[in-house]
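These notes concern the structure reproduced below.
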Number of protein chains: 2
Amino acid sequence: MSETKDRPYHHGDLRRALIDTALAMLAADQNWTFTLREVARRTGVSHAAPYKHFRDREMLLRELARIGFVRLGEVMTAALSSDSASVREKFVAGAEACIDFALKNPGLYRLMFSADADKSADPALHDAAMGTFGILLRLLEDGQRDCSFQPVAISAQAAACWAQVHGLAMLAISGQLLEEKVGKEPVQAALNVLLEGLCREK
Amino acid sequence: MSETKDRPYHHGDLRRALIDTALAMLAADQNWTFTLREVARRTGVSHAAPYKHFRDREMLLRELARIGFVRLGEVMTAALSSDSASVREKFVAGAEACIDFALKNPGLYRLMFSADADKSADPALHDAAMGTFGILLRLLEDGQRDCSFQPVAISAQAAACWAQVHGLAMLAISGQLLEEKVGKEPVQAALNVLLEGLCREK
DNA sequence: CAACATAAGTTTCTCCTGTAAACATGGAGG
DNA sequence: CCTCCATGTTTACAGGAGAAACTTATGTTG
């Protein structure tokens, strides 16, 4: 209650409020067409106020994407560390966490990989994305160390896994999975195909 | 020369002209922010003319996406049929053709899988996408028939392959491949990992 | 063959967005 | 206490989506 209005500056922590509003809208609306004015409106400020905190529309989008990568990293890390399971089981858990995240936050996930979130334009965004990617790399290293995974170049395995999981996530979002042409448990099944090639022993 | 102005109706085959202009712009401009007015302008007509051929902006976008799927199907089919190679080689050729297509037409490829090209809103688009997907299905069937691929549910293999190739394509477009964290030939390497799980004999 | 119905294209208008510039305000430091 | 500056607000302008009304060529029909 005492923190209902923790506004460090003159009116409020508008930057935070704008981000929260935008994230909420992104979560609520499946394919939300992003407008700065609408965000400002719902935050209860004038349409020009956001420009005091973000140079332009894209800068806010990139910040949202950055937060998305951080959160994705969190859910994946949580999925990995929860069990004292095998590396293979961890891998599946991480992949499912990622796809689950994408399905629950389709707008945010799309944004994270869209052209609007230009990673070369924002080091913080780039770092966040690489940090999340690093989770996969460490998992693969663990797998190779304990001889669960084949001793192939990590980069190749990483590319394959990242592409696979990201591809599944995108297809799932697009509704091109879980439908006529694919089976009932396409994610599990597809991961198994990948794991056949990844793991040492069948 | 006699067909320089094959205009069935009153002025020209504007529908075709608009599509061509839009495709050209999509190809030229890496991350082109699509505006109907700009397309109309470059086609040399008033900004309201397109509305006589497309109900709205999205309808044109969906048609562009549809054409994209048709073209992708063509290049993949060409890649498959060129050689009398093994199924595995054909698979690699098809995958590389897809990724190559994405790299050469990043704007179009992104559009094809973006929320703007809502497949549930356009049967023709849906059919085109499924047609391209069918190429993969038939290849997998061939592979299972001649015992190159494991006798797993086709849907699982299809989901895995589609996700993998699409994921690689998206990552390649985003510039997240071919870089620091992945090796020099990430596509080949990643496909190999997948094929390890796909193929019967190592 | 002339009159016309209509497809195709143009003008005009309204509402919305992004963004810049000028103006206002209130809290912190001298 | 007064002033400065970060954080707002208002106002303004250039574009875009799309609707409605207006215009023109073209194919059909009496």
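Things to note:
- Long hydrophobic helices in chain B: the complete DSSP H runs spanning 27 Å or more by Cα along their own axis with mean Kyte-Doolittle hydropathy of at least 0.0 are B:57-81, B:123-145, B:154-173.
- Relative pair counts by distance (%), Cα atoms of region B:66-137, 10 Å bins: 21, 50, 24, 5
- Based on protein heavy atoms only, region A:54-170 ends up with 38 Å² per residue of surface accessible to a 1.4 Å probe.
- Exposed-loop-free span, longest in chain A, where GluC sites (Glu not before Pro) count as exposed if DSSP calls them loop and at most 14 other C-beta atoms lie within 10 Å: A:4-178
- Accessible area of B:Val165 (1.4 Å probe, protein heavy atoms only, ligands and nucleic acids ignored): about 10 Å².
- Cα gyration tensor shape of region B:93-202, rounded if a/c is under 1.5, else prolate or oblate by comparing a/b with b/c: oblate
- Volume per residue of the C-alpha convex hull in region B:28-119, rounded to whole Å³: 106
- Rounded to two decimals, the Cα-based Rg/Rh of chain A, with Kirkwood Rh, is 1.05.
- Cross-link check: pairs A:Lys52/A:Lys119; A:Lys52/B:Lys119; A:Lys90/A:Lys119; B:Lys90/B:Lys119; B:Lys52/B:Lys119; A:Lys104/B:Lys52 evaluated at a Cα-Cα cut-off of 31 Å; pairs beyond the cut-off: A:Lys52/B:Lys119; A:Lys104/B:Lys52.
- Pairs of alpha carbons in region B:11-54 separated by more than 11 Å make up 62% of all such pairs.
- Dipole magnitude of region A:59-170 about its Cα centre (Cβ charges: Lys, Arg +1; Asp, Glu -1), debye to nearest 20: 100
- Solvent-free Debye scattering, log10 I(q)/I(0), computed from the Cα coordinates of the protein assembly as shown at q = 0.07, 0.09, 0.12, 0.13 Å⁻¹: -0.37, -0.60, -1.01, -1.14
- Per-residue ellipticity at 222 nm, computed for chain A from helices alone with -39500 (n - 2.57) per DSSP H run of at least four residues, works out to -21000 deg cm²/dmol.
- Accessible area of region B:11-54 belonging to carbon and sulfur atoms, whole % at 1.4 Å probe: 50
- Dipole size of chain A about its Cα centre, with +1 on Lys/Arg Cβ and -1 on Asp/Glu Cβ: approximately 540 debye, rounded to the nearest 20.
- Buried accessible area, chains B and A (both chains, 1.4 Å probe, Å² to nearest 100): 3200
- Taking all protein chains as shown and a probe of 1.4 angstrom, B:Ile99 keeps an accessible surface of around 10 Å².
- With Cα atoms defining each centre, region A:159-176 and region B:80-159 are spaced 14 Å apart in the structure.
- The calculated FRET efficiency for B:Asp20 paired with B:Ser81, based on their beta-carbon distance and R0 = 35 Å, is about 0.80.
The values are calculated or read from the model by the stated rules, or taken from the named source; none is laboratory data. All of these numbers come straight from a predicted model, not from anything done at the bench. Because the Cβ atoms are built from the backbone with ideal geometry, glycine has one as well, and the counts that use them run over all protein chains shown. These accessible areas exclude ligands, DNA and RNA; they are computed on the full protein's heavy atoms, side chains included. Shrake-Rupley method; radii C 1.70, N 1.55, O 1.52, S 1.80 Å.
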